[in-house]
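Here the structure comes first, spelled out in structure tokens, and everything after it is commentary.
The values are calculated or read from the model by the stated rules, or taken from the named source; none is laboratory data. It should be emphasised that the depicted structure is a prediction, and the values quoted were computed from it without experimental measurement. Neighbour counts are summed over all protein chains in view; Cβ atoms, including those assigned to glycine, are modelled from backbone coordinates with ideal geometry. Heads up: the accessible areas ignore ligands, DNA and RNA and are worked out on the full protein's heavy atoms, side chains in. Shrake-Rupley method; radii C 1.70, N 1.55, O 1.52, S 1.80 Å.
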Amino acid sequence: MGLFVAEQTPIIRSFKNAPVIETVLSIQFAPISKLTIPYLGLYWDRVRAEFKRFELKPPIQHIVEDFGPGPRPAIPPIAFNLVTEPEIRCWFIEEKGNCFIQLQQDRFLYNWQRVQQNDVYPRYEKTRATFLKEWQGFCSFLESENLGSPEVDQCEVTYVNHIPYDAGWNTYGELNKVVSYWSGRSSGNFLPDPNKVNMSIRYLMPDDKGRLYITLQPVITRDAIEVLQLNLTARGAPTSSKTEDIFRWLDFGRQWVVEGFTDFTSKEMHKNWGREL
């Protein structure tokens with residue numbers, strides 16, 4: 001397998017102190033039925049020097065963006081299969097817990113997460129380079145075990161942000177200080193300021209390349225502190241299963257996440273986060 005050299009990504013807006021606490025890069029492919037528990041163990045042997053711990057999780061649902069005409073069914077049809085082995089998702093976790101690989105029969109993901117308050121968010125270029133290396137290693141593993149090549153049908157880029165209170169805003173009546181087009185005002189005088197806000201918005205990318213999903217909701221952190229969580233997920237299909245096309249789409253998806261984050265949030269918060277461009 002030839003080494004793919006990363007293309008230079010476009011210059012987009014950035015922040016010195018972005019509120020991001022987790023990033024996820026994901027590649028989804030047609031299920032590889034032979035990628036069963038024994039092979040997951042063999043793969044762990046390959047990466048165990050760096051990813052020393054593992055955890056077992058339920059699998060993530062297979063999701064594909066649909067741009068065809070007509071409404072989609074609200075509930076997918078139920079399929080009945082003879083299950084001989086439980087479907088699982090494995091986490092292979094580095095020692096400090098900041099980075100981990102997720103692997104199941106139809107997905108390969110790479111996460112960075114903030115574990116300690118002083119953990120520094122790595123730039124996308126560094127995360128991308130690591131993900132590229134691990135993806136190529138996974139494809140090499142599949143080839144060496146005669147498990148086939150992944151037929152990629154979807155890619156995802158997700159950024160999770162935590163925006164604390166008393167950091168440029170205090171109440172949901174001041175949400176306009178966080179969200180660029182939020183007024184927080186009713187048309188009359190009856191309703192008070194909102195007590196909580198939960199938002200879910202999606203945007204269509206050009207040429208049906210995918211969609212950007214933005215959610216905003218209050219959550220409780222591991223430290224039992226309530227913050228405003230802002231999630232952005234770009235999801236779409238690369239033009240082929242070639243590594244260069246996969247990572248070209250991931251770069252595009254990351255651009256939509258970062259530019260979408262910048263447009264969605266206020267200029268006042270940008271000052272707090274040290275906007276650079």
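Figures for the structure shown
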read-out: Residue within region 136-158 that is in a helix (DSSP H, G or I), loosely packed, with under 14 Cβ neighbours inside 10 Å and among the acidic types (Asp, Glu) present; value: yes
read-out: Test: residue in region 139-155 that is touching a Phe, Trp or Tyr at 6+ places or on another chain (Cβ under 7 Å), aromatic (Phe, Trp, Tyr), modelled with pLDDT of 95 or more and closer than 17 Å to Phe247 by Cβ; value: no
read-out: The one condition in (1) open to solvent by 20 Å² or more (accessible area, probe 1.4 Å); (2) without any contact (Cβ under 8 Å) to a residue 40 or more places away in the chain that Tyr172 fails to fulfil; value: (1)
read-out: Region 159-169 - residue that is touching a helix residue (DSSP H, G or I) at 6+ places or on another chain (Cβ under 6 Å) and within 24 Å of Val120 (Cβ to Cβ) and, of those, surrounded by the most Cβ atoms within 10 Å (Cβ to Cβ); value: Tyr159
read-out: For Asn176: the one exception among (1) of a type in the set (S, T, N, Q); (2) farther than 27 Å from Gln113 by Cβ; (3) not in a helix (DSSP H, G or I); value: (3)
